[in-house]
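Notes for the one structure printed next.
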Amino acid sequence: MPLILVSGHPSSGKTHRSRQLIDFFNRKISESDEPRVKRLKVHHIDDQGLGLSRDVYAAAKPEKDARATFSSTIKRVLTRDAIVVADGMNYIKGFRYQLYCEAKAVETPNCVVHVGTSIDRCREQNDKALKAGIGGYESDIFENLVFRYEEPNGMSRWDAPLFTVPYDDDEPPCEAIWEAMVGSDGKAKVVRPNAATVLKPASEQNYLYELDKTTSDVLAAIKMWQQDHPGEGGADVRVPEAEQSVTLPTTAPSLPQLQRLRRQFIGLNRQHSLGKSRIRDLFVDYLNDAFQS
């Protein structure tokens, strides 16, 4: 059952909105006569419940470790009989994409709930929490997180469907979220996984070598094109032996950006068995998704 990612600026009220959703879901489950709905259990995953301090966001290494803990907990409880409310920062689009892939792998829908509280209001609430000693982020951490926040975009498939909750709304659009994720027609919402998200043992001989080499070859084709067309963007780059071309964004991607996307793809597919012949096309598709967001 669904994965619901709650996203917003620090101190925007994400946990408050998450609890409203959880109360609504539990009520719907208790009132339902459908066996598939009665089986559902709601899991609330948040930093506090995982014992993660707000100070982890002060440096890259502890923050990376915290995200790994957060995502691994989600993967452990995400099943067809669970509703997972992931109440965390979720401010990096690449991280949201990773969790989107995890939901696809278990054939369950996902959505993003964006808590749309203004930065000034978040700053005010954060200062109050700090002064009262009941939470909040240190000022430098708060400002850094606000600066780095990548707002969800409903046009990106990993952020869709997107539900935005303004600060002044009494509660989230709970009925609409329930309908989109669980439904009231008696039929389970099932998502068909694609080849890039089905987890299987990496059984092919030299699979990891092929994964590394093939993705490097794709980047080499892009770099060669960029050398011949310095500063140009928005073009289709033909990749040898690939079914599709790589469509570059209007601002040409830098080498560090390309390498980061390559590492993300390898990390997502290290334990998959994609088939050597499909790695190239799937990586091209992954790059095109990333450039379109």
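A compact table of results
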item: Amide hydrogen neighbours beyond the local backbone of V237, cut-off 5 Å, H modeled; result: V246, T247, L248
item: Helix axis angle, 60-77 relative to the chain longest principal axis, alpha carbon, degrees; result: 70 degrees
item: Computed Kirkwood radius, in angstrom, where 1/r is averaged over Cα pairs of the chain; result: 20.7 Å
item: Theoretical gain in end-to-end length, S118 to K75 [0.36 nm per residue, Cα-Cα removed]; result: 12.4 nm
item: Expected 222 nm ellipticity per residue - DSSP helices of 4 or more, -39500 (n - 2.57), all of the chain, to 500; result: -15500 deg cm²/dmol
item: Spacing of the two label points (7 Å from each Cα toward its C-beta) at R157 and I266, in nm; result: 2.5 nm
item: Segment 64-81 residues near the modelled S32 label - backbone nitrogen below 17 Å, point 7 Å along Cα→Cβ; result: 78-81
item: Expected-Rg normalisation [2.2 N^0.38 Å, Cα atoms] applied to segment 74-138; result: 1.45
item: Estimated vicinal HN-Hα couplings, Hz - segment 159-168 in sequence order (Karplus 6.51, -1.76, 1.60; Gly, Pro = x); result: 9, 10, x, 10, 10, 9, 10, x, 4, 7
item: For the chain: relative contact order, % (alpha-carbon pairs under 8 angstrom, 6 or more apart); result: 21 percent
item: Contact order relative to length of segment 207-292, as percent, for alpha carbon pairs under 8 angstrom and 6 or more apart; result: 36 percent
item: Crossing angle, helix 93-105 versus the chain [Cα axis fit, 0-90 degrees, rounded to tens]; result: 90 degrees
item: Under 5 Å, built H, 5+ apart or other chain: amide partners of I83; result: K41, V42, H43
item: Those residues of segment 125-141 whose amide nitrogen sits under 17 Å from the label point placed on Q20, 7 Å along Cα→Cβ; result: 125
item: Sorted by Cβ density within 10 Å, fewest first, the residues S53, S12, S245; result: S53, S245, S12
item: Exceeding the 26 Å Cα-Cα cut-off - candidates K93/K223; K64/K104; K14/K131; K64/K131; K14/K104; K14/K64; result: K64/K131
item: Zero-based 10 Å bins, Cα pair distances in segment 207-292, whole percents; result: 18, 56, 23, 3
item: Acute angle (nearest 10 degrees) that the helix 14-31 long axis makes with the longest principal axis of the chain, alpha-carbon atoms; result: 70 degrees
item: Principal axes of segment 1-110: Cα extent on each, largest first, Å; result: 48, 29, 21
item: Extension gain from D289 to S245, taking 0.36 nm per residue of separation minus the Cα-Cα distance; result: 14.6 nm
item: Spatial separation of Cα centroids for segment 90-161 and segment 1-53, in angstrom; result: 15 Å
item: Length added when fully stretched, F147-D170, from 0.36 nm per residue minus Cα-Cα; result: 5.5 nm
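We did not get these values from a lab; they are worked out from the coordinates using the rules stated. This one's a predicted model, so the numbers in the text were calculated from it and none came from an experiment. Cβ sites come from the backbone with ideal geometry, for glycine too, and all protein chains shown count toward neighbours.
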